[in-house]
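To start, the structure itself, in structure tokens.
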Amino acid sequence: MYNTENGKDLVPQGKIYMAKDKLRMEVHRAGPGGVLIVNMATQTSTVLIPQQKMYMEMPYGQSPQQRQAFTFFRTGDVSNACGDWQKLAANRGTTCRKVGNDTVNGRNTVKYEGTRADGTTSYMWLDPSLRFPVKWQGKNDAGELRNINVASQPASLFEIPAGYQKMQMPMGMPPNMPHP
């Protein structure tokens with residue numbers, strides 16, 4: 001994803017780890033970074049704040065939009081991903097079409113094009129062996145995964161590190177508030 005600050009393009013770096021029903025996203029940038037751990041089996045998400053050695057737990061998947069958000073990352077059928085994506089609330093009114101096969105960073109992919117009602121077009125490249133997007137490009141953002149290493153992931157990646165203190169939900173924040 002590309003952001004602009006003071007006229008300079010900033011490219012946040014990060015890592016994504018996946019296990020059967022778990023996802024860990026780490027964001028590294030000039031300011032404070034963070035970690036999001038999603039556990040679909042328990043329908044929970046945990047935000048780690050490494051700078052403060054704190055974490056916050058939140059329910060995940062209580063609304064259809066949250067359950068469907070995981071579909072963005074793990075489509076059921078790479079050859080026909082449009083059906084999965086068009087079920088997402090954020091994609092209502094969006095058309096989707098399979099463009100064809102392409103190669104991204106040496107990996108075979110299936111390229112899709114999505115067009116919103118306002119005419120804005122975006123693209124997604126899915127890796128069939130990962131069932132995961134390895135590149136995306138839209139009007140206001142783009143990104144791609146590099147240095148992909150397919151291997152077993154240690155369970156500790158999806159756990160709260162020792163020494164972290166639980167942070168209470170801020171007052172007035174609804175428990176089903178969207179989270180990173």
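Points to keep in mind about this one:
- Restricting segment 84-98 to residues that are at pLDDT 85 or above and under 16 Å from T120 (Cα atoms), the residue that is surrounded by the most Cβ atoms within 10 Å (Cβ to Cβ): C96
- Of all residues in segment 151-180, those satisfying the criterion of being part of a loop (DSSP other than H, G, I, E, B), at pLDDT 90 or above and not aromatic (F, W, Y) are A151, S152, Q153, P154, E159, I160, P161, A162, G163.
- Among the residues of segment 94-144, the ones that are assigned to a strand (DSSP E or B) and either touching a residue at least 24 places away in the same chain (Cβ under 8 Å) or of a type outside the set (K, R) (or both) come to 32 in all.
- Scanning segment 17-59 for residues that are under 16 Å from P161 (Cα atoms) and touching a Pro at 6+ places or on another chain (Cβ under 6 Å) gives L36, Q51.
- Scope segment 103-136; condition charged (D, E, K, R), within 23 Å of K15 (Cα to Cα) and either at pLDDT 90 or above or over 17 Å from the mean Cα position of the chain (by Cα) (or both); matching residues: R107, K111, D127, K135
The values are calculated or read from the model by the stated rules, or taken from the named source; none is laboratory data. Worth saying up front: this structure is predicted, and the values here are computed from it rather than measured. Here the Cβ is made from the backbone with ideal geometry for all residues, glycine too, and neighbour counts use every protein chain on show.
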